[in-house]
């Protein structure tokens, strides 16, 4: 009887390990944005990346694009200020973008 209760307790509690050890499936982070804002931000990011791929001035550089509530943050490195400025202009001209934080570094 004691053995049966122990086995049952182990089975029932085994699913709690992920919650205790890993913080659950979200890793302890929850996005404060509404789902439609998350979808819009994703669409903005994808549109900017597509425009970068089509632009010969910036397509050769590895530029990271992140969007949060319409605010776009650009990071990465480029060879010159022309490419940096062009990346910023492309992002600003994208529908849904409210601000651009251009943190792209020009390599020297």
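Couple of notes before you dig in:
- Of residues in the range 73-91 being touching a residue at least 12 places away in the same chain (Cβ under 8 Å), outside any strand (DSSP E or B) and within 21 Å of the chain's Cα centre (by Cα), the one surrounded by the fewest Cβ atoms within 10 Å (Cβ to Cβ): 88
- Enumeration of residues in the range 42-72 that are more than 18 Å from residue 106 (Cα to Cα) and touching a residue at least 40 places away in the same chain (Cβ under 8 Å): 43, 44, 47, 48, 51
- The set of residues from the range 53-72 being within 26 Å of residue 35 (Cα to Cα) and surrounded by fewer than 20 Cβ atoms within 10 Å (Cβ to Cβ) comprises 64, 66, 68, 69, 70, 71.
Computed from the coordinates by the stated procedures, all read-outs in this text should not be read as laboratory data. Quick caveat: nothing in here was measured; it's all calculated off a predicted structure. Positions of Cβ are generated from backbone atoms using ideal geometry, with glycine treated the same way; all protein chains shown enter the neighbour counts.
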